[in-house]
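Chemist: Can you keep this structure in mind? I'll have questions shortly.
The values are calculated or read from the model by the stated rules, or taken from the named source; none is laboratory data. Predicted, not measured: the structure shown is a model, and the values here were computed from it. Glycine also receives a Cβ, built like all others from the backbone with ideal geometry; neighbour counts cover every protein chain displayed.
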Ligand SMILES: [Zn+2]
Ligand SMILES: [Zn+2]
């Protein structure tokens, strides 16, 4: 069994004290690859250094909708350059978040559009963050023909209607540990609904820790618990869910190289 954490923030300073140990522990749960997702320009260089130091880590380049903006020309140039790095397999996270930002949010929509345009230019898929903004997010994705770049709706917390619209755009749906929470019945319904070939799993660590570790800091290895929970919901073996979500990961993030000797490398990493 091989799992992938399709979205984590292992570069954040929450992991400064024990990053090596956390990455070693992923072996116990068969997490062979992690995508380290960028949220701002200022921390990108250190993210890239981390990813370059380990062949099982991949990077994205993006600016989170709640992160402070540069002027738009400089930002377009930054995303284009950072997005062109060989280790970078996606543009994001990007999107719209009306929950944590206030006032006139035209700047957020303009920036999101620009990120979609750059993703199309670079032919790299998008990692979409959306919160309290599903309709506008889908609207921008349609208008900017994001289908040509492809992408994933990360940490999906919307309902089946939004899931269907995202799937129609050719997008994947990624579920985080939230799906394991008792009150997450709408997301659990989505977890059963998404076709097998469009499903991804993620931790979004250090946040959103799945049951049974809820309340503690999250880490990439815990994607295993989310996989077990979803496999039970869908009535399949966890090994099967691992297989399909790992295959989906490499289908979507086409720049990410899968290692022929991944089992051997994974075992060696834990020693
Ligand atoms: Zn996010
Ligand atoms: Zn994130």
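Chemist: Output the number of residues of the range 56-74 satisfying the condition of being more than 16 Å from ligand 1 (Cβ to nearest atom) and modelled with pLDDT of 95 or more.
Modeler: Result for the range 56-74: 3.
Chemist: Within the range 109-125, does at least one residue satisfy the condition of being under 21 Å from residue 254 (Cα atoms), within 16 Å of ligand 2 (Cβ to nearest atom) and not in a helix (DSSP H, G or I)?
Modeler: The answer is yes; a qualifying residue exists.
Chemist: Condition (residue is more than 16 Å from ligand 2 (Cβ to nearest atom), surrounded by fewer than 16 Cβ atoms within 10 Å (Cβ to Cβ) and either at negative phi or touching a residue at least 40 places away in the same chain (Cβ under 8 Å) (or both)) applied to the range 56-68: is it met by at least one residue?
Modeler: The answer is yes; a qualifying residue exists.
Chemist: Could you check residue 135 against (1) farther than 30 Å from residue 246 by Cβ; (2) assigned to a loop (DSSP other than H, G, I, E, B); (3) in contact with a helix residue (DSSP H, G or I) (Cβ under 9 Å, 6 or more places away or on another chain) and say which number it fails?
Modeler: Residue 135 satisfies every listed condition except (2).
Chemist: Scanning the range 93-118 for residues that are within 16 Å of ligand 1 (Cβ to nearest atom) and more than 20 Å from residue 163 (Cβ to Cβ), which turns out modelled with the lowest pLDDT?
Modeler: Only one residue tops the list, namely 101.
Per-residue answers, yes or no, for (1) touching a helix residue (DSSP H, G or I) at 6+ places or on another chain (Cβ under 8 Å); (2) without any contact (Cβ under 8 Å) to a residue 40 or more places away in the chain; (3) in a helix (DSSP H, G or I); (4) loosely packed, with under 14 Cβ neighbours inside 10 Å:
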residue	(1), (2), (3), (4)
222	yes, no, yes, no
233	yes, no, yes, no
245	yes, no, yes, no
248	yes, no, yes, no
255	no, no, no, no
264	no, yes, yes, yes
268	no, yes, yes, yes
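Chemist: Can residue 134 be described as at pLDDT 95 or above, closer than 22 Å to residue 253 by Cα and crowded, with 19+ Cβ neighbours inside 10 Å?
Modeler: When the stated conditions are applied, residue 134 does not pass them.
Chemist: Still on this structure: Has the range 161-181 got at least one residue that is buried (at least 22 other Cβ atoms within 10 Å of the Cβ), away from ligand 2 (no atom under 16 Å from the Cβ) and part of a loop (DSSP other than H, G, I, E, B)?
Modeler: Within the range 161-181 (the criterion being buried (at least 22 other Cβ atoms within 10 Å of the Cβ), away from ligand 2 (no atom under 16 Å from the Cβ) and part of a loop (DSSP other than H, G, I, E, B)), the answer is yes, since at least one residue qualifies.
Chemist: Can you tell me which residue is surrounded by the most Cβ atoms within 10 Å (Cβ to Cβ) among those in the range 210-220 that are more than 15 Å from the chain's Cα centre (by Cα) and touching a residue at least 24 places away in the same chain (Cβ under 8 Å)?
Modeler: 210
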